[in-house]
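Comments concern the structure below.
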Amino acid sequence: MTFTAHVRSRGTSATGNFAFKWYVDGVEANSGIATSIAAGYEATYDLSYTWQQGHHVISFFADPANAITEKSEQNNLRTEHIDALLIGFWVERSVYNFFDTNQYSYAQRLGIADEANSWEDWAQRQVDKWNKMFEAAIFTSTPQGCIDRVRLDRVVIVNDNTLPLNGGLPTNHPDTRDKTVDVMWGFEKDILSSGFYNTTFSSSPFNLEPGLIHELNHARYLVDSYALNIHGKHIGVLDDNGNRIYPNTIL
Ligand SMILES: [Zn+2]
């Protein structure tokens, strides 16, 4: 089989040929020198891989020696689980552009360590968080946590006001013709005018969008707590500061 890394150049601050390396389970598997990617263009790099049973990870690292000066140095390495479920995101162009324009300054202002600099970087942040939640879901009945892992496998940029592409809901069913991913979600332009992706505070979905992870977990058969007839005011879960996560009045 073949793994393909997609590398996009967002601007002119990084130019020149650059080295890249592939790793399998942390061991270098392949390397090469890539020619400079022109601003606004994407290049792809392949790794041939023979499937191995069990849990394995693949990494792609662009410019591993940090020879090229870039605006963001934190988005050059991706480590992915070979057996991950595949996530596809369909995004209307205005949303995509909004993240490209504003995510970097937002991450800088709030000191977010990933130095996200694009819609894709933001999307990878959500997927990373989702995987961490799976990993952390260790309970008596699930001693290994939740063993699902996910990987952002497909990003499709579409024109504004075109979702859904084949009926259904613009969010849940961005393109029902697509059978290449396990889980899909669509991001509509209309959400921008609602101020949903607020760029001023750290608990904004512009940082982390728990509602997205919540909705995507439905595709993995996780029901809503309120479907069990438990309402927010009955959930006494506290955050790290001792405040109730569902701050409704306790009856
Ligand atoms: Zn729900």
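So residue 80 fits all but one of (1) surrounded by fewer than 18 Cβ atoms within 10 Å (Cβ to Cβ); (2) of a type in the set (D, E, K, R); (3) modelled with pLDDT of 95 or more; what number is the exception?
The one condition residue 80 does not meet is (1).
What number of residues within region 200-209 satisfy the criterion of being surrounded by fewer than 16 Cβ atoms within 10 Å (Cβ to Cβ) and either small (Gly, Ala, Ser) or within 11 Å of the ligand (Cβ to nearest atom) (or both)? Break it down into steps so the answer makes sense when it comes.
Narrowing region 200-209 to residues surrounded by fewer than 16 Cβ atoms within 10 Å (Cβ to Cβ): 200-203, 205.
Imposing the further condition that a residue be either small (Gly, Ala, Ser) or within 11 Å of the ligand (Cβ to nearest atom) (or both) reduces the set to 202-203.
Counting residues in region 200-209 that are surrounded by fewer than 16 Cβ atoms within 10 Å (Cβ to Cβ) and either small (Gly, Ala, Ser) or within 11 Å of the ligand (Cβ to nearest atom) (or both) gives 2.
Is one or more of the residues making up region 46-66 among the aromatic types (Phe, Trp, Tyr), open to solvent by less than 60 Å² (accessible area, probe 1.4 Å) and within 20 Å of the chain's Cα centre (by Cα)?
Let us first name the residues in region 46-66 that are among the aromatic types (Phe, Trp, Tyr), namely 49, 51, 60-61.
Then keep just the ones that are open to solvent by less than 60 Å² (accessible area, probe 1.4 Å); that gives 49, 60-61.
Subset that is within 20 Å of the chain's Cα centre (by Cα): 60-61.
Yes, region 46-66 has at least one match.
Consider region 210-244. How many of its residues are under 26 Å from the mean Cα position of the chain (by Cα) and not aliphatic (A, V, I, L, M)?
12
Exactly one condition in (1) more than 16 Å from the chain's Cα centre (by Cα); (2) assigned by TED's automatic domain parsing to the domain that holds residue 212 is false for residue 120; which is it?
If we test residue 120 against (1) more than 16 Å from the chain's Cα centre (by Cα); (2) assigned by TED's automatic domain parsing to the domain that holds residue 212, just (1) comes out false.
Of the conditions (1) within 30 Å of residue 70 (Cα to Cα); (2) among the β-branched types (Val, Ile, Thr); (3) open to solvent by 40 Å² or more (accessible area, probe 1.4 Å), residue 138 satisfies every one except a single condition; which number is it?
Of (1) within 30 Å of residue 70 (Cα to Cα); (2) among the β-branched types (Val, Ile, Thr); (3) open to solvent by 40 Å² or more (accessible area, probe 1.4 Å), only one is false for residue 138: (1).
Would you be able to tell me the number of residues in region 210-219 that are open to solvent by 30 Å² or more (accessible area, probe 1.4 Å) and under 15 Å from residue 122 (Cα atoms)?
2
Please specify each residue of region 23-45 satisfying the condition of being of a type outside the set (Val, Ile, Thr), open to solvent by 90 Å² or more (accessible area, probe 1.4 Å) and either at pLDDT 95 or above or touching a strand residue (DSSP E or B) at 6+ places or on another chain (Cβ under 7 Å) (or both).
First, the residues of region 23-45 that are of a type outside the set (Val, Ile, Thr): 23, 25-26, 28-32, 34, 36, 38-43, 45.
Retained after the next criterion (residues that are open to solvent by 90 Å² or more (accessible area, probe 1.4 Å)): 28, 41-42.
Selection gives 28, 42.
So which of 222, 192 ends up being open to solvent by less than 70 Å² (accessible area, probe 1.4 Å), under 30 Å from residue 92 (Cα atoms) and aliphatic (A, V, I, L, M)?
On the way: 222 fails: open to solvent by less than 70 Å² (accessible area, probe 1.4 Å).
Every option except 192 fails the conditions.
Across region 222-251, which residue is farthest from residue 131 (Cα to Cα) among those that are within 12 Å of the ligand (Cβ to nearest atom) and either in contact with a helix residue (DSSP H, G or I) (Cβ under 8 Å, 6 or more places away or on another chain) or in a loop (DSSP other than H, G, I, E, B) (or both)?
Ranking the candidates gives 226 first.
The values are calculated or read from the model by the stated rules, or taken from the named source; none is laboratory data. As the structure is a prediction and not an experimental result, all values here were calculated from the model. Glycine gets a Cβ as well: all are built from the backbone with ideal geometry, and neighbour counts include every protein chain shown. Only protein heavy atoms, including side chains, enter the accessible area calculation; ligands, DNA and RNA are left aside. Shrake-Rupley method; radii C 1.70, N 1.55, O 1.52, S 1.80 Å.
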